[in-house]
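The values are calculated or read from the model by the stated rules, or taken from the named source; none is laboratory data. Here the structure is a predicted model, which is why all the values come from computation and not from measurement. With ideal geometry, Cβ positions are generated from the backbone for all residues, glycine too; neighbour counts draw on all protein chains shown. The protein model used for the area step is the full one, side chains on, heavy atoms only, and it has no ligands, DNA or RNA in it. Shrake-Rupley method; radii C 1.70, N 1.55, O 1.52, S 1.80 Å.
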Amino acid sequence: MNTDMHTLLSALQAAVGPAHVLQGDGLTAYERDWRKRWHGRAYAVVRPGSTDEVAAVLRVCARHGVEVVPQGGNTGLVGSSVPDGSGTQVLLNLGRLNRVRAIDAANLTMTVEAGCILQAAQEAADAAGLLLPLSLAAEGSCTLGGNLSTNAGGTQVLRYGNARELCLGLEVVTPAGEVWDGLSGLRKDNTGYDLRHLYIGSEGTLGVITAAVMRLYPQPAASMTALAACDSVDQCVALLQLAQQRAAASLTGFEVISDCALSLVRRHFPQIPQPLPPAPWTVLLEVSDAESADHARTVFEGLLEAALESGVITDAAVASSVAQSRAMWHLRESISMAQAEEGLNIKHDIALPVSRIPAFVAQTDAALQQAFPGVRLVNFGHLGDGNLHYNVQGPLGVSAADFLARHEPAVNALVYDAVLAHGGSISAEHGIGLLKCETLEERKSPVALGLMRAIKQALDPDQRMNPGRMLARRPGDGFTAVAP
Ligand SMILES: Cc1cc2nc3c(=O)[nH]c(=O)nc-3n(C[C@H](O)[C@H](O)[C@H](O)COP(=O)(O)OP(=O)(O)OC[C@H]3O[C@@H](n4cnc5c(N)ncnc54)[C@H](O)[C@@H]3O)c2cc1C
């Protein structure tokens with residue numbers, strides 16, 4: 001930072017209005033991440049209300065050499081949405097930039113501002129009789145801009161793709177404060193490098209997304225949801241294959257949950273119903289049908305009967321109402337909260353070829369148990385996408401903080417060695433942020449890292465956008481680790 005603080009403050013206030021520049025104490029909601037793992041301190045939290053105001057703030061920051069951390073709903077899980085501990089960064093919160101600008105029913109698109117809460121965007125699409133299929137447990141708080149910046153996945157990737165695949169156009173403000181209007185709703189546009197794909201998944205390190213054009217779909221005529229019990233991960237994969245054969249593109253959800261994950265929900269939220277008796281693995285599957293409710297039911301019941309007859313599943317509970325279906329999804333989505341109640345764990349959001357998942361789980365579970373006796377494997381995830389949340393919780397009775405402090409590097413090394421040996425990725429949908437920055441340096445190909453640094457240098461030459469996240473900044477970043 002090479003600036004006079006008073007001039008900076010006045011310039012920021014002039015850009016967005018004094019009421020939208022927050023300073024001092026009481027800013028924990030902005031400065032601490034969702035997991036309560038990182039707590040920084042901003043020079044100021046700035047809340048612009050329009051694209052022009054975002055551009056004005058970025059011009060001020062460029063003029064004063066100030067670093068900028070973009071923030072949406074602050075639900076990210078890798079420590080990339082909060083400032084460092086220096087007290088010099090501007091935290092740019094997009095929450096006021098939250099309008100649905102347009103819905104084009106004939107083009108099946110909607111244009112939404114970056115700070116729009118995902119659920120509000122879903123509801124706007126729904127009111128127009130259409131479906132915005134991006135869906136995740138944080139949808140009541142996360143924003144479209146955050147979803148795109150992390151290339152969020154969620155529960156319907158199997159059928160509709162992740163945030164990247166749902167986005168047709170972007171509006172972006174560059175670090176110098178220029179506005180790129182790429183808000184096209186085109187499905188075909190081969191006019192050179194597709195800049196949209198650079199910004200999607202860039203975790204605020206290249207510029208600020210201010211609006212996006214998202215794909216919409218016709219709403220399905222009917223959905224059927226069930227929970228099914230399996231004895232092993234192999235059986236879960238066999239059920240996935242059967243479901244893909246029987247339901248094809250109608251299969252919209254396929255989530256696996258280990259009993260360890262469900263046991264945390266039972267402990268912390270005993271009021272949440274669990275329709276099946278405990279089983280080693282539970283699958284939540286959903287079929288959504290464009291034709292009719294009868295067709296959906298026929299496909300679904302045929303699938304479950306075949307799975308029971310062949311011994312792929314041992315039990316099933318079918319939702320017989322929308323309320324029951326919601327309750328099943330609520331159970332699945334409560335796992336993150338239950339983990340948070342249990343205390344910090346060592347998170348691994350990993351991707352693997354589906355065919356390798358049974359071997360990965362068997363070998364890695366055994367290796368972890370041997371190295372860290374009593375360790376609890378809170379394993380769940382989007383099996384249909386080959387994405388596991390393979391989280392490692394310390395043994396019962398051991399302080400979560402102590403376990404994390406003593407064993408995180410060794411646990412990570414063991415898990416990531418196994419992930420790469422099985423042809424997987426160290427980050428499936430949560431991103432890199434601060435959490436996996438060093439791991440990325442160690443594990444990604446030097447050629448790929450070099451290309452990433454070249455892109456960063458070209459688009460953010462002063463290295464002011466979310467520095468130290470995704471691509472390591474050396475030395476130290478000034479973060480204060482917060483004891484859980
Ligand atoms: C309970 C829970 C469940 C979750 N489930 C899933 C899941 O199923 N799938 C999944 O993929 N993720 C999941 N997540 C994590 C996920 O990354 C976020 O929930 C969401 O995508 C982030 O949106 P946000 O608005 O909160 O972004 P933030 O947390 O505010 O920011 C995330 C990153 O994006 C950047 N950013 C935010 N807005 C902008 C912008 N407008 N322009 C440029 N950069 C920006 C930030 O700098 C940061 O790097 C979950 C999180 C929680 C808490």
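General remarks:
- Qualifying residue in segment 54-72 (condition: open to solvent by 10 Å² or more (accessible area, probe 1.4 Å), within 15 Å of the ligand (Cβ to nearest atom) and of a type in the set (A, V, I, L, M, F, W, C)): no
- Taken as a whole, the condition of being open to solvent by 70 Å² or more (accessible area, probe 1.4 Å), touching a Pro at 6+ places or on another chain (Cβ under 7 Å) and more than 24 Å from residue 162 (Cα to Cα) does not apply to residue 259.
- Applying the criterion of being touching a strand residue (DSSP E or B) at 6+ places or on another chain (Cβ under 7 Å) and modelled with pLDDT of 95 or more to the residues of segment 367-382, the residue that is nearest to residue 263 (Cα to Cα) is 378.
- Some residue of segment 233-246 being open to solvent by 60 Å² or more (accessible area, probe 1.4 Å), touching a strand residue (DSSP E or B) at 6+ places or on another chain (Cβ under 9 Å) and of a type in the set (S, T, N, Q): yes
- Taking the criterion of being among the aliphatic types (A, V, I, L, M), touching a residue at least 12 places away in the same chain (Cβ under 8 Å) and either open to solvent by 20 Å² or more (accessible area, probe 1.4 Å) or away from the ligand (no atom under 16 Å from the Cβ) (or both), the residues of segment 311-334 that qualify are 312, 313, 316, 317, 318, 319, 327.
- Residue list for segment 310-324, restricted to those being over 23 Å from residue 221 (Cβ atoms) and either of a type outside the set (A, V, I, L, M) or part of a helix (DSSP H, G or I) (or both): 310, 311, 314, 315
- Here residue 454 passes the criteria (1) of a type outside the set (Ser, Thr, Tyr); (2) farther than 23 Å from residue 349 by Cβ; (3) open to solvent by 70 Å² or more (accessible area, probe 1.4 Å) except the one numbered (3).
- Residue within segment 27-43 that is away from the ligand (no atom under 12 Å from the Cβ), modelled with pLDDT of 95 or more and more than 28 Å from residue 339 (Cβ to Cβ) present: yes
- Candidates 65, 17, 24, filtered to the one that is out of contact with any Ser or Thr (no Cβ under 9 Å at 6 or more places or on another chain) and over 25 Å from residue 112 (Cα atoms): 24
- Qualifying position, being buried (at least 17 other Cβ atoms within 10 Å of the Cβ) and either small (Gly, Ala, Ser) or at negative phi (or both), among 284, 308: 284
- Restricting the search to helices (runs of 4 or more DSSP H) fully inside segment 375-469 and requiring at least 1 residues that are within 30 Å of residue 66 (Cα to Cα) and in contact with a Pro (Cβ under 9 Å, 6 or more places away or on another chain) gives 446-459.
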